[in-house]
1. Highest first, please rank the peptides 153-165, 132-144, 23-35 by the mean number of other Cβ atoms sitting within 10 Å of their residues.
2. Could you point to the residue in I85, Q127, A157 farthest towards the positive end of region 47-186's charge dipole, with +1 and -1 charges on the Cβ of Lys/Arg and Asp/Glu respectively?
3. Over the heavy atoms of H108, what accessible area does a 1.4 Å probe trace out, to the nearest 10 Å²?
4. For the full complex of protein chains and a 1.4 angstrom probe, list E182, E124 by accessible area with the highest value first.
5. Can you give the direction-averaged projected area of the convex hull of the alpha-carbon atoms in region 145-189, in nm²?
6. Mean-square fluctuation check for the chain, GNM, Cα pairs under 10 Å: which of Q178, Q117, Q63 is largest?
7. In deg cm²/dmol and to the nearest 500, what is the mean residue ellipticity at 222 nm of the chain if only DSSP H runs of at least 4 residues count, each as -39500 (n - 2.57), divided by the residue total?
8. Which percent of Cα pairs goes in each bin when the distances of region 47-189 are cut into 5 angstrom slices starting at zero?
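The values are calculated or read from the model by the stated rules, or taken from the named source; none is laboratory data. Values in this document were obtained by computation on a predicted structure and should not be read as measured data. Here Cβ is always computed from backbone atoms with ideal geometry, including for glycine, and neighbour counts include all displayed protein chains. Areas reflect the complete protein model, heavy atoms only, side chains present, ligands, DNA and RNA absent. Shrake-Rupley method; radii C 1.70, N 1.55, O 1.52, S 1.80 Å.
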Amino acid sequence: MEFFKALNDDHRAFIAKQPVFFVATAAEGTRVNLSPKGLDCFRVMGPNRVAYLDLGGSGNETQAHLTADGRITIMFCAFDNPALILRLYGTGSYVVAGEPGYDAFAAHFPRLAGARQVFDIAVESVQTNCGWGVPRMTVERPRDTLVKFHAQQDPAARLAQIATRDRSIDGLPVQVQQVLPEFDPLPPR
């Protein structure tokens, strides 16, 4: 196990190769939230700053926890060789679609249907360890079901549904988006 004060070029290259990452957050009195993320939604913005585009899903625990507590851990693990686990420890904030600053962040990511916010993370430390217990697996192809789901929804109905989701599963307040960003259609398969 090794700790670093910032991301280096090897860390950046490793992150760029990973098809999935995991996000963990918590706030006092709540469940610990651990979510897998895929798609092309993660960016290294600098040696101590990363961001990821968040699409609407089953809940919005990360936003609620960051508002209440601020702490966040991002984990990448190699499912190929060389084996490695990389964790980013830090504090995070968010910018909801339609709010000032969102467009500047969103310009770093693909224009995906369902985008709701960008999480901005100040990286305080980076940890690497062996990852020898993680199985070797290969990626068959990206899963675009979530993006397709959002692309086919009626915008007015979607915004009405979003408006009702102003609390996390543990009852913490959540800032809901008021606009749906424009998105690019998925290429046919």
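1. On the way: 153-165: 12.0, 132-144: 9.8, 23-35: 15.8.
Going by the mean number of other Cβ atoms within 10 Å, highest first, we get 23-35, 153-165, 132-144.
2. Final value for the positive-end residue is I85.
3. Looks like 90 Å² after rounding.
4. Working: E182 140, E124 115 Å².
Descending accessible area places them as E182, E124.
5. Numbers: hull surface 15.9 nm².
Reported value for the Cα convex hull: 4.0 nm².
6. Q178
7. Numbers: 5 runs with 38 residues, N = 189.
Taken over the chain, the calculation gives -5500 deg cm²/dmol.
8. The distribution over region 47-189 is 2, 9, 16, 17, 18, 17, 12, 7, 2, 0, given as percents.
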